[in-house]
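So the structure is just underneath, and the comments pick up after that.
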Amino acid sequence: MSVIETRDLRKTYGRIEALKGVSLRVEKGQIYGLLGQNGAGKTTLIKILLGIVGKTEGEALLLGAPAGAVEVRRKVGYLPEDHAFPGYHTGYSLMDFYGSLYGVPAAERAKKIPEALELVGIAGRMHSKIKTYSKGMKQRLGIAQALMHDPDLIILDEPTDGVDPMGRKEIRDLMADLKNKGHTIFLNSHLLGEVELICDRVAILQQGKLVREGTIDELTKTKGTYTLGLLAGQTFPTDAVTALGFPVRALPDTAGHFEVTLPDGKTIEPVMKLLSERGLTVVHIVEKKQSLEDVFMTTVEGAEPGVDRKRRRGARPVGGGE
Amino acid sequence: MQQFFAILKDSFREAVDGFVIYVMLALAAVLIVLVASVSFTPDSPDVALPKVLPKFAILYPDQGKGTFPTAVPVPLKYQAANAQLGANGAATFILEVDRDKERDGALALPLDGFRYAVYTWTKPSGPKVENPFANRNRGPNVSTELGIVAPPAASADDLKGVTDEQMVAFLKFQFAAFVGVHESDVTISRRAGVAEPAYAFDVQLNNATTARGWTQSVSVLFGAVPPFKSRPLGASVAFIQDQLVNGIGAAVTLMLSVVITAFFIPNMLRKGSLDLLISKPIGRVQLLVYKYIGGLTFIFLLSAFTIGGVWAVTGVRSGLWNPTFLLVVPVLTFTFAILYAVSTVIAVYTRSAIAAILITLAFMFFLYLLGQAKTVFDANRIVNEFDLPEWAYTLVDTLNNILPRYKDLDKLTTSFITDGTVPVGDARIRGIFVETPSWAGAFGVSLAFIALMLGLASWRLVKRDG
Ligand SMILES: Nc1ncnc2c1ncn2[C@@H]1O[C@H](COP(=O)(O)OP(=O)(O)OP(=O)(O)O)[C@@H](O)[C@H]1O
Ligand SMILES: [Mg+2]
């Protein structure tokens, strides 16, 4: 049984098509990242899973139960984006309130709440009113409330939003730790570097459609591109290398560096041979590996423009919210 | 259950976070202290008895078991002589009964008024008297009868047959009904040597000065303001409990509570808050209903504090412990339940606390006006004092039938506070003028209304996205 499964999931808000047939599957013990531009439909997907908004068509299953079923939510922890905790609570009392809603017994709450708050680093302020918390503290509290009842699945909508770099690292470590304990984590994030560091699989959503999906390795797999640099004063034989069947491109940012792409099934060997035959000295050779960011950029560029660019095409502007 | 209490606790936290709750608690405390400052001092028999004895003209037939008095009170003069105050508030005096010379000349009465009064008291109730002015064409449910019964006919022999024991039993009942003493605390014997139709009796009333119908002088602010009024104890306590607390106090409490609780649901529905709650394993309807009950708990606790406090201090200060006053707590909570149901619907549809407050207060005012109109119209059906078009009656009746009986709830509390404070003879008189509404009508229609409001609110909440 998959932890999350959607089949051809569609959602329209009035005339806005937020999801246009999304099918994905998240297995137990994974950290799964959902990427996409603003307005791509990431939050909408999560809200459907939790029953916060209704789906228009298709299927969504959470731990085997139809999304929106009340009881299955007992096994899910959720950190929404743009959350607003009631300011009259203290961190502790809020956790106590939510813990009771999850059905955690009182004795267990008394033990787990300080532990969870300690994990996210705000235990020292747990008896202060939330209205006195900083943005990052509220975010940490949000993470703590999503995991204190020991849920099978933890859904985090932009978990490191507003958190300082040290804190982000702590949260990454925390997620890795949770994963090791067998929890499944599903997260939305715009911080691709982070996603690359912790996620097992990622999916890229573009205007309500899933455009790429796979493990990090699969997505960032290099296509065989090398950056070469010659001794100062020497000229790169662009035409000759191109004639060998290797596309060449001068890198605009670093003068004297050229990017050579290998055609399928070939190695860099013939190029090196040609250069040495011509008496040229290679002082820089690096095999290029794509970052997730590169993958993301090429993906969204290749696909339809993001919502924020709709205006340019003369379409009506799309506002956030309701 | 755990979820229910969690939400109650959450509502409670929310309520005590603002300052209005402290204003309300302070007001309640002021009210309790003010009531506690009222001192009661029993009047001497010379002052108290002349105030209560004229009520003896009111006759409840069927040995006092008849709820409605006879139509023609017999004009008699009841006077006390040689009044003395003994230990434990016991009063001893000679009760003299004679014809009321100023009044009975005008009426064709049997010669012996007192014997006739006792005779009437012993006989079963006659038929109710028809109201000659009743407007029969308006309102099928309106009775054209008055709350008084016809007196029996009596022959000279009938009157002669009245025994001394019957006279004593009658007077015992009158003392119990209008002074409020227990019949077992009354000792009466007829004095010989008085020529009929005048009568004299030796009377001893034990525990008389603490009885509900005995007048006591009232001073406020712990005696700083000298005694300014002398009234029957029960009437004073009824004034405090009904007019002051159940009237003004309750209205203020309801309005302030509407204001405080109006924020609960819009706050819950705010963007960023609702998602956190509905992602928990709890249904939306459940969430809303629990939250609604949370609002009611708030006023329940507040009124329990205020009413309980006033009840305790009036009990201590006056010696009159009236348990029916405590019923104001559930009735007030129920009244608030009606208002809060309106507030909830408005909150769910507009998500604005201000809209919820304004519309709820307007609705409260409207129900109040409707209740007043209903009372005036019903009275006019009997006395036909002014001419009203048919549709006006239909409109007021229809609205009253379908809307919560706000006024009825108030009438109910007033009637049970009265029953619990004033002597039974006085309470029955009040019952003639103020109709006690049915509990089923007052609660049934209101409950249906609450269910409808919550249903509408739930429907909207379930339908909406997030
Ligand atoms: N309640 C709503 N009513 C109408 N439209 C909505 C609503 N919620 C979201 N949308 C629209 O649905 C689309 C997807 O929104 P969603 O919040 O899922 O995007 P997202 O991928 O989470 O974006 P971001 O990265 O900015 O959080 C957007 O076009 C948005 O305007
Ligand atoms: Mg989002």
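The values are calculated or read from the model by the stated rules, or taken from the named source; none is laboratory data. Just so it is clear, the structure is predicted and the values come from calculations on it, not from any experiment. Note that each Cβ is placed from the backbone with ideal geometry, even for glycine, and that neighbours are counted across all protein chains shown. Protein only, heavy atoms only, side chains kept; ligands, DNA and RNA dropped before computing areas. Shrake-Rupley method; radii C 1.70, N 1.55, O 1.52, S 1.80 Å.
Of note:
- Verdict on A:Val211 being away from ligand 2 (no atom under 16 Å from the Cβ), part of a strand (DSSP E or B) and modelled with pLDDT under 90: yes
- B:Asp46 within 14 Å of chain A (Cβ to nearest Cβ) and at pLDDT 90 or above: no
- Taking strands (runs of 3 or more DSSP E) as the structural unit, those lying wholly within the stretch A:236-298 and holding at least 2 residues that are β-branched (Val, Ile, Thr) correspond to A:257-261, A:282-288.
- Each residue in the stretch A:51-67 was checked for being surrounded by fewer than 24 Cβ atoms within 10 Å (Cβ to Cβ) and more than 16 Å from ligand 1 (Cβ to nearest atom), and 6 of them qualify.
- Residue match in the stretch A:118-127 (condition: surrounded by fewer than 21 Cβ atoms within 10 Å (Cβ to Cβ), within 13 Å of another protein chain (Cβ to nearest Cβ) and over 27 Å from B:Asp465 (Cα atoms)): no
- Within the stretch A:180-197, the set of residues being touching a Lys or Arg at 6+ places or on another chain (Cβ under 9 Å), more than 25 Å from A:Glu5 (Cβ to Cβ) and either within 14 Å of another protein chain (Cβ to nearest Cβ) or more than 15 Å from ligand 2 (Cβ to nearest atom) (or both) comprises A:Glu194, A:Leu197.
- In the stretch B:193-208, the qualifying residues are those that are in contact with a strand residue (DSSP E or B) (Cβ under 9 Å, 6 or more places away or on another chain) and farther than 14 Å from B:Ala91 by Cα, and the one that is surrounded by the fewest Cβ atoms within 10 Å (Cβ to Cβ) is B:Gly193.
- Elements of type helices (runs of 4 or more DSSP H) in the stretch B:1-63, at least 3 residues being in contact with a helix residue (DSSP H, G or I) (Cβ under 8 Å, 6 or more places away or on another chain): B:2-17, B:20-36
- Candidates are the residues of the stretch A:68-92 that are among the hydrophobic types (A, V, I, L, M, F, W, C) and surrounded by fewer than 24 Cβ atoms within 10 Å (Cβ to Cβ); the one that is nearest to the other protein chains (Cβ to nearest Cβ) is A:Ala84.
- Scanning the stretch B:229-280 for residues that are under 18 Å from B:Ser343 (Cα atoms) and either open to solvent by 40 Å² or more (accessible area, probe 1.4 Å) or free of Cβ contacts under 8 Å to residues at least 40 places away in the same chain (or both) yields B:Ala251, B:Val252, B:Met255, B:Leu256, B:Val259, B:Phe263, B:Asn267, B:Met268, B:Arg270.
- Cross-chain or 6+ apart pairs with Cβ under 7 Å, the stretch A:261-287 first and polar (S, T, N, Q), then surrounded by 12 or more Cβ atoms within 10 Å (Cβ to Cβ): A:Thr261/A:Gly224; A:Thr261/A:Thr225; A:Thr261/A:Phe246; A:Thr261/A:Pro247; A:Thr281/A:Leu230; A:Thr281/A:Gln234
- Only one of B:Ala57, B:Ala29, B:Ala15, B:Ala6 that is open to solvent by less than 30 Å² (accessible area, probe 1.4 Å) and modelled with pLDDT of 90 or more: B:Ala6
- Looking only at the stretch A:93-107, and only at residues there that are within 12 Å of chain B (Cβ to nearest Cβ) and open to solvent by 20 Å² or more (accessible area, probe 1.4 Å), the one that is nearest to A:Lys47 (Cα to Cα): A:Gly103
- Residue match in the stretch A:58-75 (condition: within 16 Å of ligand 2 (Cβ to nearest atom) and assigned by TED's automatic domain parsing to the domain that holds A:Glu194): no
- Annotation note: of A:Ile48, A:Ile130, A:Ile113, the sole residue that is touching a residue at least 12 places away in the same chain (Cβ under 8 Å), within 16 Å of ligand 1 (Cβ to nearest atom) and within 14 Å of another protein chain (Cβ to nearest Cβ) is A:Ile48.
- Beta carbons closer than 9 Å, at least 6 apart along the sequence or on distinct chains, pair a first residue in the stretch A:154-179 that is on the phi > 0 side of the Ramachandran plot with a second that is away from ligand 2 (no atom under 16 Å from the Cβ) for A:Gly162/A:Ser134; A:Gly162/A:Lys135; A:Gly162/A:Gly136; A:Gly162/A:Lys138.
- Exactly one residue out of B:Phe334, B:Phe377 is in contact (Cβ under 8 Å) with a residue 40 or more places away in the chain and surrounded by fewer than 20 Cβ atoms within 10 Å (Cβ to Cβ): that is B:Phe334.
- Failed criterion for A:Thr43 (all others in (1) crowded, with 22+ Cβ neighbours inside 10 Å; (2) of a type in the set (Ser, Thr, Tyr); (3) away from ligand 2 (no atom under 16 Å from the Cβ) hold): (3)
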